[in-house]
1. Could you say which residue among Arg432, Arg411 is assigned by TED's automatic domain parsing to the domain that holds Pro242, farther than 17 Å from Pro265 by Cβ and in contact with a Ser or Thr (Cβ under 6 Å, 6 or more places away or on another chain)?
2. Residues in the range 82-90: is at least one among the small types (Gly, Ala, Ser), within 16 Å of the ligand (Cβ to nearest atom), touching a residue at least 60 places away in the same chain (Cβ under 8 Å) and more than 28 Å from Val25 (Cα to Cα)?
3. If you check every pair at least six apart or on different chains, which have Cβ atoms under 8 Å apart with a residue in the range 177-196 that is within 20 Å of Ile281 (Cβ to Cβ) and in the same structural domain as Leu221 (by TED's automatic domain parsing) first and a residue that is outside any helix (DSSP H, G or I) and near the ligand (Cβ under 9 Å from one of its atoms) second?
4. Suppose the filter is among the hydrophobic types (A, V, I, L, M, F, W, C) and surrounded by fewer than 19 Cβ atoms within 10 Å (Cβ to Cβ); does Leu16 pass it?
5. Going through the range 115-155 one residue at a time, which ones are among the hydrophobic types (A, V, I, L, M, F, W, C), away from the ligand (no atom under 16 Å from the Cβ) and assigned to a loop (DSSP other than H, G, I, E, B)?
6. Look through the range 156-171, keep the residues that are in contact (Cβ under 8 Å) with a residue 60 or more places away in the chain and not in a helix (DSSP H, G or I), and return whichever of them is farthest from Ser126 (Cα to Cα).
7. Confirm whether Val197 is more than 12 Å from the ligand (Cβ to nearest atom) and buried (at least 24 other Cβ atoms within 10 Å of the Cβ).
Amino acid sequence: MHAIDVIAKKRDGAELTQEEIEFFVQGYTKDEIPDYQAAAWLMALYLRGMSDRETLNLTMAMAHSGDMLDLKEIAPFVVDKHSTGGVGDKVSLVVAPLVAACGMPVAKMTGKGLGFTGGTVDKLESIPGYRTDLNEVEFKAQLEKIGIVLTGQSADLAPADGKMYGLRDVTATVESIPLIVSSIMSKKLAAGADAMVLDVKVGSGAFMKTVEQAEVLAEALVHLGDQAGRRVVALISDMSQPLGWAVGNALEVREAINTLHEGGPDDFRDHCLVVAAEMLILGDKAPDTNSALTLALDTLNSGAAWRKFKEMVEAQGGGARYIKDPDFLPQARLVEPVPAPRSGYLAGVDAAEVGMTVMALGGGREKKDDQIDHGVGVIVHYKVGDLVQKETPLFTVHANDEAKLAAARERLLAAHTFSDSPVQRLPLFYRRVADVGLEDETGNGD
Ligand code: URA
């Protein structure tokens, strides 16, 4: 088989066979097929689209391009969660210990942030000593011992995705539903997930800008899950304003800790409870949404989720004192509350602008190898629909550089828009997609 023939076949609109897809994925992973041919192939896939069968075959080929983690002996049924990426998205920091505290093992590999969307690994690394590079033996041993692991994505799992994603990023082929589906699902399958809750973000701070686009992605993810024999629930959630108040690594860890102590912002806590409830239902820990939500809320309020979080941090080398007293976490030198320029109802807090501002403060990476400043970030003090009084603090900037602070102040002021008349609050979730063709309205908003 020759790469050029597989490229030409797809270029001309024909359906590729399983063998052709495996040949290409394996060849590219082993460096036998060069970037320029893989780039042409990806563009052909992007432009011609892919059938359900091709998407499934691509997902499986990518999942099998490296190790397949088998956790069956330790955890017979693994439920994972994945977010498509957002601003202020610290959900895994609360949901993972919450679900684990309900008696369901959580073994989760998480990613770094790229661009203005944050990554759970970067947030966890703001806890001094916390290791995000556990190897397979350590991963399994910790899961067996305490029932929870939150670590970085292993390079040995779905290496084809790492290579292909990097190439898609620079060849304008990221925005393809079948390529996104195979990228996300291959990693989850390789990591041993039997079922998963996918948090599909929509809005300015997300990959999908409209609910319609997010629905297409959510349905494709659920459908692929069905084909692969995995139970998948996708929640389409708002990302047009930041989730919670805190955006920035250590600030988000602090907010997650507050939430584990029954504090934290209402929208963030409610979001975590809904995601946790879906995981509990998938893992047969609760029969329906109401009992799952009650179990999650009781577990949060009992302090068990906080204790599980602490156990995990200690097991992974993080100093307990940093999380018992989050004042010990990295902090920025300059902390400036910025007053509201006017009174009025808050009409918008542009999540993408907030995310990009935090990145410009040093809290994210512009290039893959950039160092992160864990202490910097932004606290927004209001949510869309709130009534704001002139001169009260609208947001607080945490910075380590005067010029960057000044730039952030202007940018964030412009990111907040006001209205003289009442503004409807944004829903937390737009839709739940559990079975393609059988979607329900979530009914969950705030
Ligand atoms: N997240 C992924 O993991 N892959 C994509 O292609 C897009 C978002």
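1. On the way: Arg411 fails: assigned by TED's automatic domain parsing to the domain that holds Pro242.
So the residue among Arg432, Arg411 that is assigned by TED's automatic domain parsing to the domain that holds Pro242, farther than 17 Å from Pro265 by Cβ and in contact with a Ser or Thr (Cβ under 6 Å, 6 or more places away or on another chain) is Arg432.
2. yes
3. Lys188/His82; Met196/His82
4. On the way: among the hydrophobic types (A, V, I, L, M, F, W, C): yes; surrounded by fewer than 19 Cβ atoms within 10 Å (Cβ to Cβ): no.
Here the answer is no, as Leu16 does not meet what is asked.
5. Taking the range 115-155 and keeping what is among the hydrophobic types (A, V, I, L, M, F, W, C), we get 116, 121, 124, 127, 134, 137, 139, 141, 143, 146, 148-150, 155.
Filter once more, so that each one left must be away from the ligand (no atom under 16 Å from the Cβ): 124, 127, 134, 137, 139, 141, 143, 146, 148-150.
The answer is Ile127, Leu134.
6. Thr171
7. Numbers: more than 12 Å from the ligand (Cβ to nearest atom): yes; buried (at least 24 other Cβ atoms within 10 Å of the Cβ): yes.
Yes.
Yes or no, residue by residue, for (1) within 14 Å of the ligand (Cβ to nearest atom); (2) at positive phi; (3) at pLDDT 95 or above; (4) over 17 Å from the mean Cα position of the chain (by Cα):
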{"residue": "Val170", "(1), (2), (3), (4)": "yes, no, no, yes"}
{"residue": "Leu189", "(1), (2), (3), (4)": "yes, no, no, no"}
{"residue": "Gly229", "(1), (2), (3), (4)": "no, yes, no, yes"}
{"residue": "Gln241", "(1), (2), (3), (4)": "no, no, yes, no"}
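The values are calculated or read from the model by the stated rules, or taken from the named source; none is laboratory data. Keep in mind that this is a model prediction, so the values were computed, not measured. Glycine gets a Cβ as well: all are built from the backbone with ideal geometry, and neighbour counts include every protein chain shown.
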